[in-house]
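The values are calculated or read from the model by the stated rules, or taken from the named source; none is laboratory data. Note that the coordinates shown come from a computational prediction; the quantities given were computed from them, not determined experimentally. Cβ placement follows ideal geometry from the backbone for every residue including glycine, while neighbour counts extend to all protein chains displayed.
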Amino acid sequence: MTKLPPLSALSEIPRLANSLPGADTDAAAAARVRQNSLTKPPGSLGRLEELAEFMAAWRGTDRPEIWRAQALVFAGNHGICAQGVNPYPQEVTGQMVANFQAGGAAINQLCRANGAELSVIALDLDRPTADFTQGPAMTEAECLEALNRGAATVPPKHAAASAAAMVELPIPISPRISTSAPPSTAAAPRFRAARHSASVIAGPWVKSAVGRSRSSAITESSAPLARHNWLIAAPPA
């Protein structure tokens with residue numbers, strides 16, 4: 001992976017997005033042909049075959065290998081908590097980070113079982129973002145700082161992983177996901193807000209109301225990002 005210089009303005013993002021490499025559809029097709037030549041019923045491995053084709057497309061080979069895997073957990077706190085969308089205080093984020101670092105969380109076991117490296121990056125847990133129902137969650141300078149800190153965690157090319165998983169750990173997460181989803185799905189935020197360990201029965205309905213109040217502010221993605229909509233719409237799960 002090529003290291004890019006730090007961003008100095010948000011206006012640089014469309015240009016960078018437009019320069020991102022695309023998937024190698026020929027490699028994906030070759031992987032599909034190879035799978036269908038194996039001694040098994042076509043498609044019998046289900047999702048595993050889809051993931052193999054996905055990896056083939058992005059690794060540029062019909063027989064991709066994961067020789068090094070990495071999981072990056074980014075932790076932060078959101079000001080939207082002021083709207084009562086979460087039953088737990090933001091201090092829980094720090095406790096979860098400590099548990100991750102001590103090796104006591106589920107993701108530690110998943111990484112250990114699959115030979116993946118785990119890094120936990122705590123981003124100013126004592127300084128939450130602003131409440132995005134009242135105004136911008138971050139200034140441009142704050143957003144640039146967060147983006148550049150995130151980019152700095154990616155290893156240089158000679159040490160880069162062949163597969164990386166990036167995970168977000170804020171308190172709360174569901175409303176933020178709902179309101180940052182593509183505009184085509186912004187009409188029903190409550191159906192996208194996950195009912196996870198930090199939710200209660202009333203939680204999804206509160207999150208729905210908050211999401212609807214903010215969805216009108218979401219605009220269409222830029223043309224550069226639209227090149228990758230197929231991946232954003234249906235990422236490997």
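Side notes on the structure shown:
- Set side by side, the residues GLU49, GLU91 differ, and just one is modelled with pLDDT under 90, among the charged types (D, E, K, R) and out of contact with any Ser or Thr (no Cβ under 8 Å at 6 or more places or on another chain), which is GLU91.
- Qualifying positions in the range 118-145 - modelled with pLDDT under 90 and part of a helix (DSSP H, G or I): none
- Verdict on ARG68 being touching a residue at least 60 places away in the same chain (Cβ under 8 Å), farther than 17 Å from VAL154 by Cα and of a type in the set (Lys, Arg): no
- All of (1) more than 26 Å from ALA151 (Cβ to Cβ); (2) without any contact (Cβ under 8 Å) to a residue 12 or more places away in the chain; (3) in a loop (DSSP other than H, G, I, E, B) hold for GLN95 with one exception: (3).
- ARG112 meets the conditions (1) surrounded by fewer than 13 Cβ atoms within 10 Å (Cβ to Cβ); (2) part of a loop (DSSP other than H, G, I, E, B) in every case but one. The failed one is (2).
- Taken together, the residues in the range 8-51 that are within 30 Å of GLU145 (Cα to Cα) and either part of a helix (DSSP H, G or I) or small (Gly, Ala, Ser) (or both) amount to 14.
- Odd one out for GLY150 among (1) in a helix (DSSP H, G or I); (2) modelled with pLDDT of 90 or more: (2)
- Within the range 120-137, residues that are touching a residue at least 40 places away in the same chain (Cβ under 8 Å) sit with their Cβ atoms under 9 Å from residues that are buried (at least 19 other Cβ atoms within 10 Å of the Cβ) and of a type in the set (Phe, Trp, Tyr), at 6+ positions apart or across chains, in these pairs: VAL120/PHE100.
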